[in-house]
Amino acid sequence: MGISEAALMMETIAASGAGFSGASAVHMNIFGLNPVAVYGSAEQKERMLPPIAAGKEKACFAVTEPNAGLETGKLQTRAERSGDRYVINGAKIWISTAQVADKMLILVRTTPVEQVRKPTDGLSLFYTALDRRYVEVRVIDKMGRHAVDSNQVFIDGLKVPAEDRIGEEGRGFEYILHGMNPERILIAAEAIGLGRAALRRASAYARERVVFGRPIGQNQAIQHPLAECWMELEAAELMTRKAAWQYDQGMPCGPAANAAKYLGAEAGFKACQTAVMTHGGYGYAKEYHVERYLRESMIPRLAPVSPQLILCFIAEKVLGLPKSY
Ligand SMILES: Cc1cc2nc3c(=O)[nH]c(=O)nc-3n(C[C@H](O)[C@H](O)[C@H](O)COP(=O)(O)OP(=O)(O)OC[C@H]3O[C@@H](n4cnc5c(N)ncnc54)[C@H](O)[C@@H]3O)c2cc1C
C-alpha cells in the first residue's frame, strides 16, 4: 500500500492514546526501508524486506551525527572500501531503537568531502547488520517517549559486505532525500494523532469538571482554545493527505510534505499544551496522561527536521527567495 495508508495507520496508533511511544515503536519498520523498496536491487528487496514485514527483524535509521546536525553534507562517519566489503568507522547520535535493532540503514561518507563537487555528494547508503562486536550503543536519558530508546552509536571497524550497499556509491544523499518526504508525512500524521488524543481527553475533562457550579467547558475561555485546536488539526490533516496523495501519485511533494510536518507538529503541540491547561493542576499529574502527551509533542517539532529549516525550504523553493543557510 502507499504512504496514504501508512499515514492513516500511524495517525490511528498515535490517536489511540499510544502517542509517540506507540507510533515511534513501529515507525521505522513502516517507512524506514523505503529507500530499499525504491532503489534496492531485486536481490536486496527479496533479502531485506520480508523479514521486516514479518516482524522477524527490527531496523534503525542512522543519519544524524554529533558534529553535523542538520547539515548532512558534513557527515564524518566513513566507509572505506576494502575488496568486496567496506569498513565503517564513526559515530551517530539520536538513533531511535538501536538498543533492539538487528539491522541499520546508515548514511556514511565514501568519498572525502574535499574530492566532491558538493558536500552532499560522496555519501553512500547501506542496510546492514548492527553487529554489536563493532558497534557500541549507549542510551540517551531524555525528556519523554521512554518506551522507545534513543542512542549514541559508536562504530569501530564494522565490516559491511558490498552487497549491502543500496544503489550506487556516492548517491546515498539522493536516496535518503527520497525517503524524507514520506517520513515527514508520517511524522505529521503521528503528531496530529497525538493532538487528537490530547483533545479528546481535554474535551472529556471539560465536560465533567464542575467549578463555580458549572462544567468548566461551558466557559468560552475553555471552549474556544479547544475548538481552535480541532480546526488546526483538521487543516493539518488535509495538508498531510494532500502530501501523501502527491507522493503516491509520483508527483513532487516536497512543499506539501514539509508544510504538513510543520503544521501537524505545531497543531499537535498546541493541542497537547491546551489539554494540560484545560486540566488545570491535574494536567500536571501523570494520572491524566496529558503531561506525557505534551512532552512527546516536542519530538515532531524537533525531528527529523526543525521548523526553522522547513520555513527556509518553503521560502527558497516555493517563494523563490535567496537561500539563507
Ligand atoms: C527523540 C528523537 C529521535 C530521533 N531519532 C533519530 C533517528 O532515529 N535517526 C536519526 O538519524 N536521527 C534521529 N533524531 C535526530 C534528529 O533528526 C535531529 O535532532 C534533528 O535533525 C536536528 O538536528 P540537531 O539536533 O543536530 O540540530 P542542529 O542542527 O544542531 O540545530 C539546532 C537548532 O538550530 C537551528 N538552526 C541551525 N541552522 C539554522 C539555520 N541556518 N537557520 C535557522 N535555524 C537554524 C535548527 O533549526 C535547530 O533549531 C532524533 C531526534 C530526537 C529528538
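No value in this document is a laboratory result; all are computed from the given coordinates. What you see is a predicted model; the values in this text were computed from it and never measured. Cβ: placed from backbone, ideal geometry, glycine included. Neighbour counts: every protein chain shown.
Given H placed on each backbone N at 1.01 Å, which residues far from residue 85 in sequence or on other chains put an amide H within less than 5 Å of it?
So residue 85 has HN proximity to 162.
Starting from the alpha-carbon convex hull of segment 122-165, give the projected area averaged over all orientations, in nm².
Values: hull surface 17.6 nm².
Directional mean of the projected Cα hull area for segment 122-165 stands at 4.4 nm².
Determine the sum of side-chain charges near residue 3: Lys and Arg each +1, Asp and Glu each -1, restricted to other residues whose C-beta is under 15 angstrom from that of residue 3.
It works out to a net charge of -2.
In whole angstrom, note down how far apart the Cα centers of segment 48-78 and segment 127-165 are.
A separation of 9 Å, based on Cα centres.
Distances longer than 27 Å among the Cα atoms of the chain: what percent of all pairs is that?
Of all Cα-Cα distances in the chain, 47 percent exceed 27 Å.
In debye to the nearest 20, how big a dipole does segment 1-125 give about its Cα centre with +1 on each Lys and Arg Cβ and -1 on each Asp and Glu Cβ?
260 debye
Could you work out the per residue convex hull volume over the alpha carbons of segment 141-267, in cubic angstrom?
Measuring per residue, one finds 154 Å³ for the Cα hull of segment 141-267.
Cα-based Rg (one decimal) and Dmax (whole number) for segment 264-325, in Å?
15.9, 49
Could you work out Rg/(2.2 N^0.38 Å) for segment 197-325, with Rg from alpha carbons only?
That ratio works out to 1.27.
Take every Cα-Cα pair in segment 222-268 and report what % of them are more than 15 Å apart. It would help to have the intermediate numbers written out before the result.
Working: 484 of 1081 pairs.
Looking at segment 222-268, the distances longer than 15 Å represent 45 percent of pairs.
Using alpha-carbon pairs under 8 Å, 6+ residues apart, how would you state the relative contact order of segment 14-97 in percent?
RCO, segment 14-97: 22 percent.
Run a plain Debye calculation on segment 47-108 (Cα atoms as equal point scatterers, no solvent) and give log10 I(q)/I(0) at q = 0.18, 0.23, 0.25, 0.30 Å⁻¹, rounded to two decimals, same order as the q list.
-0.75, -0.99, -1.04, -1.17
For segment 40-194, restrict the atom set to alpha-carbon positions and state the Rg and Dmax in Å.
Calculated on Cα positions, Rg and Dmax stand at 15.4, 48 Å.
For the chain, what is the mean residue ellipticity at 222 nm derived from helices alone (per DSSP H run of n ≥ 4: -39500 (n - 2.57); sum divided by total residues; nearest 500 deg cm²/dmol)?
After summing the helix terms and dividing by the residues of the chain, the value is -15000 deg cm²/dmol.
I need the semi-axes of the equivalent ellipsoid of segment 1-78: take the C-alpha gyration tensor, multiply each eigenvalue by 5, square-root it, list largest first in whole angstrom.
24, 20, 12
Helices from the chain with mean Kyte-Doolittle at least -0.5 and a Cα length along the axis of 27 Å or more, per DSSP H: which?
Details: long enough: 172-208 (53 Å, 0.07); 220-248 (41 Å, -0.41); 254-278 (35 Å, 0.23).
Sorted by number, the helices that extend far enough and score high enough are 172-208, 220-248, 254-278.
So if I take the centroid of the Cα atoms in segment 1-36 and the same for segment 278-293, what is the distance between those two points in Å?
Computed from Cα coordinates, the inter-centre distance equals 25 Å.
Please report how many Lys pairs in segment 35-100 have alpha carbons closer than 25 angstrom, counting only residues at least 8 apart along the chain or sitting on separate chains.
The number of close lysine pairs in segment 35-100 is 5.
Please report 82, 306, 297, 96 as a ranked list, fewest other C-beta atoms within 10 angstrom at the top and most at the bottom. Spell out each step's value before the answer.
Values: 82 10, 306 15, 297 27, 96 21.
Final ranking by Cβ density, sparse to dense: 82, 306, 96, 297.
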